[in-house]
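Accompanying notes for the structure given below.
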Amino acid sequence: MKHALYLLALCALSALMAVMPWGSFYLSLILAMTYLCYRPNRVLHPNNMVFAFYGLYVILSSSLNLILELIDWEYVLPWGQLIFWDRLSKYTLFQAEFTFLVLYFAFHFFTMERQAKPGNDTPVLHMEVDQRILAILYGCTVALAFTFIEVTAGLSAWVEEYSSTYLTMREGHGLLNEITITFGNLTVFLLGVQTFNAKRKTPSVIAALLLMVPLSFIGGVKSRFIFLLIMFLSPYFMRMRFNLKYLVIFTVSFFTLLYLGTLVRTEGFYATAPFFLEMMIGYFNAFQLHDGVVTTRDPALFTTLLQVFTKPLQILGFIHDPDANFDISVMLTKEFFPDQWYREHATQQWPLDTELYLNYYGFYLSWIPLIAYGYMVSTLYRAAVVRRNLRLMPIFIMEFIRIFSTMRGALIPWDTFFYVAQYIVIYLNCRLALKRVDLSAGSSGIHP
């Protein structure tokens, strides 16, 4: 009965989206209705991240835009109003709906948990962190973070001119940055496991915060601290059952951290409520960018798919053009916002829909890679979260967070090879650092 009512409501709202003005309003209702009707039961379920993306880039941005339109709001930011959700093409709205529904239900079905058979329960395993390995990793991560600060611009530049330093001074230090990210993720995760197991949690929490601050500072305060916080809390999250109370708590926490991170990143520019409100409408502009692509060119096949090989081929010396396109957002930023790329080396972020439009003919073939992606992430989810495999947990958390990046990028991004290398390093170190204790066998049941 629930499924029939959902399909009826989905068809009605889709029809209204096709014929009524402000189609984004009906799209927002479809997104929210789908999430509430098929809400995940675990905190780390992939669909929570899928909905987080659409909640910000569609529901929040379009709803605020509509409310300000209804109250005749006069925009106070110096550049005025840039986002107009009522002008989006119907194709963009329906493609957003299609991508969401295919990916959401792919995750929904592929992550279904089978009922365990009576008497077939696996032993409860407890993981302990090797303190010597943790101490070495902690020291290496701190050294890497402060080395990165010094070789890029120096501590004074990072503190006094954070925004410009972050945007312009990191070029040429990508490898060091990737190494720092890898060891930072690993060390924060192990500190989270240690905190989860410890009777006195304060020392581990303080140690984690002291590490997360410089890592967030050099990695982009707004998003990096939230990522590291999820990594640190993942041992708690993997055991938590999800409900609407947690949705409210996580939402409030996210916007609090977003506001504080925005203050640091922009040196207080968006401190006032009107400025921050308008910033949230304009910041989540991925579908407006996609609409510019939809209205200027036809859907295509494999236009940018091979860009993933550009960086490796540049490193190996087979591509000599330093300006060769290696990322779809870089390519489109050069076309639509050339000053941002050539002057500031900054990019706008197009949504996954753009890659699907240019590589898989939009609606026609995009369901194939979306379902394949849903299956792969769901398999990792079942192995790490459902089966509570802590050694795979940091890899899953990186993929869990990367769902958000994928939704505003590409299924196979330019740094795929770096991710594979990171995952190998992290897994091998987790095997060394995490010792298994079989609680069902008593205190002597320790396994390597």
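The values are calculated or read from the model by the stated rules, or taken from the named source; none is laboratory data. It should be emphasised that the depicted structure is a prediction, and the values quoted were computed from it without experimental measurement. For neighbour counting, all protein chains shown are included, and Cβ atoms are generated from backbone atoms with ideal geometry for every residue, glycine included. For the accessible areas, the whole protein counts, side chains as well, though only heavy atoms, and no ligand, DNA or RNA atoms are used. Shrake-Rupley method; radii C 1.70, N 1.55, O 1.52, S 1.80 Å.
So, in the range 261-281, exactly how many residues are part of a helix (DSSP H, G or I), open to solvent by 30 Å² or more (accessible area, probe 1.4 Å) and either touching a Lys or Arg at 6+ places or on another chain (Cβ under 7 Å) or in contact (Cβ under 8 Å) with a residue 12 or more places away in the chain (or both)?
Step one: list which residues in the range 261-281 are part of a helix (DSSP H, G or I), which gives 261-265, 273-281.
Cutting the leftovers down to open to solvent by 30 Å² or more (accessible area, probe 1.4 Å) gives us 263-265, 273-275, 277.
Subset that is either touching a Lys or Arg at 6+ places or on another chain (Cβ under 7 Å) or in contact (Cβ under 8 Å) with a residue 12 or more places away in the chain (or both): 264-265, 274-275, 277.
Residues that pass the stated criteria total 5.
When residues of the range 88-129 are filtered for being at pLDDT below 95, of a type outside the set (S, T, Y) and either assigned to a loop (DSSP other than H, G, I, E, B) or open to solvent by 30 Å² or more (accessible area, probe 1.4 Å) (or both), how many remain?
Selection size over the range 88-129: 15.
Got at least one residue in the range 175-185 being exposed (fewer than 13 other Cβ atoms within 10 Å of the Cβ), farther than 24 Å from I403 by Cβ and not basic (K, R)?
Keep residues of the range 175-185 that are exposed (fewer than 13 other Cβ atoms within 10 Å of the Cβ), which gives 175.
Within this subset, residues satisfying the condition of being farther than 24 Å from I403 by Cβ are 175.
Pick out the ones that are also not basic (K, R) and you get 175.
So far as the range 175-185 goes, yes, one or more of its residues are exposed (fewer than 13 other Cβ atoms within 10 Å of the Cβ), farther than 24 Å from I403 by Cβ and not basic (K, R).
Could you please find all residues in the range 340-386 being assigned to a loop (DSSP other than H, G, I, E, B) and in contact (Cβ under 8 Å) with a residue 60 or more places away in the chain?
Of everything in the range 340-386, those that are assigned to a loop (DSSP other than H, G, I, E, B) and in contact (Cβ under 8 Å) with a residue 60 or more places away in the chain turn out to be H345, A346, Q348, Q349, W350, P351, Y361, G362, F363, Y364, L365, S366.
Given the condition in contact with a helix residue (DSSP H, G or I) (Cβ under 7 Å, 6 or more places away or on another chain) and free of Cβ contacts under 8 Å to residues at least 40 places away in the same chain, answer yes or no: does some residue in the range 419-427 qualify?
From the range 419-427, those in contact with a helix residue (DSSP H, G or I) (Cβ under 7 Å, 6 or more places away or on another chain) are 422-423, 425-427; that's our starting set.
If we keep only those that are free of Cβ contacts under 8 Å to residues at least 40 places away in the same chain as well, we get 423, 427.
Yes, the range 419-427 contains at least one residue that is in contact with a helix residue (DSSP H, G or I) (Cβ under 7 Å, 6 or more places away or on another chain) and free of Cβ contacts under 8 Å to residues at least 40 places away in the same chain.
Pairs under 7 Å by beta carbon, first residue of a type in the set (K, R) in the range 197-208, partner open to solvent by less than 70 Å² (accessible area, probe 1.4 Å) and in a helix (DSSP H, G or I), six or more apart or different chains?
K201/T195
Looking at L36, L82, L29, can you tell me which residue is closer than 28 Å to Y236 by Cβ and open to solvent by 40 Å² or more (accessible area, probe 1.4 Å)? Show your work before the answer.
Details: L82 fails: closer than 28 Å to Y236 by Cβ; L29 fails: closer than 28 Å to Y236 by Cβ.
Testing whether each residue is closer than 28 Å to Y236 by Cβ and open to solvent by 40 Å² or more (accessible area, probe 1.4 Å) leaves just L36.
Just for the range 414-437: of the residues that are open to solvent by less than 20 Å² (accessible area, probe 1.4 Å) and not in a helix (DSSP H, G or I), which one is farthest from I179 (Cα to Cα)? I'd like the intermediate steps shown before the answer.
Let us first name the residues in the range 414-437 that are open to solvent by less than 20 Å² (accessible area, probe 1.4 Å), namely 422, 426, 430, 433-434, 437.
Okay, now just the ones that are also not in a helix (DSSP H, G or I), so 434, 437.
On the way: L434: 21, V437: 30 Å.
Checked the range 414-437; the qualifying residue farthest from I179 (Cα to Cα) is V437.
Scan the range 215-236 for residues that are open to solvent by less than 20 Å² (accessible area, probe 1.4 Å) and of a type outside the set (G, A, S) and jot them down.
So the first thing to find is which residues in the range 215-236 are open to solvent by less than 20 Å² (accessible area, probe 1.4 Å), and the list is 215-216, 218, 220, 228, 231-232, 234-235.
Listed by number, the residues that qualify are L215, I218, L228, M231, F232, P235.
Kindly evaluate S204 against the criterion of being surrounded by 15 or more Cβ atoms within 10 Å (Cβ to Cβ) and farther than 24 Å from R408 by Cβ. Before you say what the answer is, go through the steps one by one.
Working: surrounded by 15 or more Cβ atoms within 10 Å (Cβ to Cβ): yes; farther than 24 Å from R408 by Cβ: yes.
The answer is yes for S204.
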